[in-house]
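I have placed the structure first, in the form of structure tokens, so that the comments after it can refer back to it.
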Amino acid sequence: MTKMKRVVLIVLDGVGCGAQADADKYGDVGANTLKHVYEQGKPDIPNLRELGLLCAAGIVPAEEEEPVGCYGRMTERAAGKDTTTGHWEIAGLTLNKPFPTYPNGFPEELIKQFEEAVGLETIGNKPASGTAIIEELGAEHLRTCKLIVYTSADSVFQVAAHEAIVPPAELWHYCRIARRLLKGEHAVGRVIARPFIGEVGAFQRTANRRDFSVDPSGNTLLDVLKAEGYDVLGVGKIEDIFNHRGLTGSNHAAGNDACVDAILEYLKKDNWKGLLFANLVDTDMLFGHRNDVRGFAKALEAFDRRLPEILKLLGDDGMVIITADHGCDPAFPSTDHTREQVPVLAWGLGLQEGVALGERATFADVSATVLEALGARGKLDGRSFYKDIALG
């Protein structure tokens, strides 16, 4: 069986394809990101369709679509619906215990510890949409210089500040302090710096966001490949999600276009062998959380237009896997992530065409597939589908 030299693993953030069987536990019954975006936003995505995205999502039957890619859908085994849990499971590390969440805000003693450590007071301390809370509290922040602290349905401790009041590097420093404080029972998945600019009534979040993740609790695909001498390249917020662990190189590009540019730059170089792992966040951050169906559809269209550029550079011994980390249904009543299955697509010149991968029991099947495709020795959670799709 032919082995691959390179695997490009792309996570389309928040692009779920239907509520999981346990969605009732999360208040997400009826969520279906791709179906709702396709029906209401009507995206023109011929390249993703050709790879089998609509077949994976159960929107169009395979006999009508005749996809050239291999396609299926995956169920998240771990509890939760956050970025860290999803990415870690994709990378072969399935959490047995969910990260803590704070539907009523953080304990006062924890907030006081943070205030004392950074030397500033805070406001907020409640679950909120990031854009909504800066509109609500931005003026008070400008007047008092108090940091805006908030959370969401995810396991996150978020700190927002105007760049004219707290420069981004200073805000990142405060978030690193929070990361050190948030341990044990309060070890949230991510501490997120949320800088913004603008005037009252016209605030805008900037690209100076940074995520400070908890260290992975076990080996991931990145650790295993790096230990075996493979190159492991991160694009976008991958380095944040894995707390900079297991990478041999990284480009912290911000925005989908910049991330695709970074992917292409890596693919144009022939001096590496291994994994390129990218997160494309726009669908989730800019549109899913803002209930913007049409914006979400346009983000899919924008990626679809650039997808051929990636496929052309894979070569005879490269493959691409496209998946997601959770849902973020912009047509759903809430602005939070949604507990959904995710699509999985695979394509390469050395792969069979149109293989149905079925419903996979865990996101970790991706990591098992990458390991087998590259010929790595390590073993992680999940069941590989590489033998099902490889030629020869």
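Here are a few things to note about the model shown:
- Single condition residue 319 does not satisfy, out of (1) in contact with a Ser or Thr (Cβ under 6 Å, 6 or more places away or on another chain); (2) touching a residue at least 60 places away in the same chain (Cβ under 8 Å): (1)
- Scan of the range 280-295 for residues that are under 15 Å from the mean Cα position of the chain (by Cα) and among the hydrophobic types (A, V, I, L, M, F, W, C), ordered by number: 280, 281, 285, 286, 287
- Within the range 268-304, the set of residues being of a type in the set (S, T, N, Q) and buried (at least 19 other Cβ atoms within 10 Å of the Cβ) comprises 279, 283.
- Test result for residue 307, farther than 18 Å from residue 89 by Cα and buried (at least 17 other Cβ atoms within 10 Å of the Cβ): yes
- Residue match in the range 201-212 (condition: under 20 Å from residue 113 (Cβ atoms), modelled with pLDDT under 95 and surrounded by 14 or more Cβ atoms within 10 Å (Cβ to Cβ)): yes
- Search result, residues across the range 34-78 that are under 22 Å from the mean Cα position of the chain (by Cα) and β-branched (Val, Ile, Thr): 37, 45, 75
- Pick from the range 57-89, criterion of a type in the set (Gly, Ala, Ser) and within 18 Å of residue 46 (Cβ to Cβ), ranking: modelled with the lowest pLDDT: 62
- The single condition among (1) at pLDDT below 95; (2) in a strand (DSSP E or B) that residue 343 does not meet is (1).
- Residues of the range 81-94 satisfying the condition of being out of contact with any strand residue (DSSP E or B) (no Cβ under 8 Å at 6 or more places or on another chain) and open to solvent by 10 Å² or more (accessible area, probe 1.4 Å): 93, 94
- Listed by first and then second residue, the pairs linking a residue in the range 61-82 that is closer than 22 Å to residue 319 by Cα to a residue that is surrounded by fewer than 18 Cβ atoms within 10 Å (Cβ to Cβ) and at pLDDT below 95, with Cβ atoms under 8 Å apart and 6 or more places separating them unless they lie on different chains, are 71/62.
- None of 247, 181, 222 is touching a residue at least 12 places away in the same chain (Cβ under 8 Å), under 18 Å from the mean Cα position of the chain (by Cα) and open to solvent by 10 Å² or more (accessible area, probe 1.4 Å) except 247.
- Some residue of the range 158-175 being buried (at least 20 other Cβ atoms within 10 Å of the Cβ), within 20 Å of residue 326 (Cα to Cα) and in contact (Cβ under 8 Å) with a residue 24 or more places away in the chain: yes
- Residue within the range 367-379 that is under 15 Å from residue 296 (Cβ atoms), outside any loop (DSSP other than H, G, I, E, B) and modelled with pLDDT of 95 or more present: no
- If the condition is being modelled with pLDDT of 95 or more, on the phi < 0 side of the Ramachandran plot and open to solvent by 10 Å² or more (accessible area, probe 1.4 Å), then the range 225-238 contributes 226, 227, 228, 230, 231, 233.
The values are calculated or read from the model by the stated rules, or taken from the named source; none is laboratory data. The shown structure was predicted, so the numbers you read here are calculated from the model rather than taken from an experiment. Cβ atoms come from the backbone with ideal geometry, glycine included; neighbour counts cover every protein chain shown. Note: accessible area is taken over every heavy atom of the protein model, side chains too, but ligands, DNA and RNA are not part of it. Shrake-Rupley method; radii C 1.70, N 1.55, O 1.52, S 1.80 Å.
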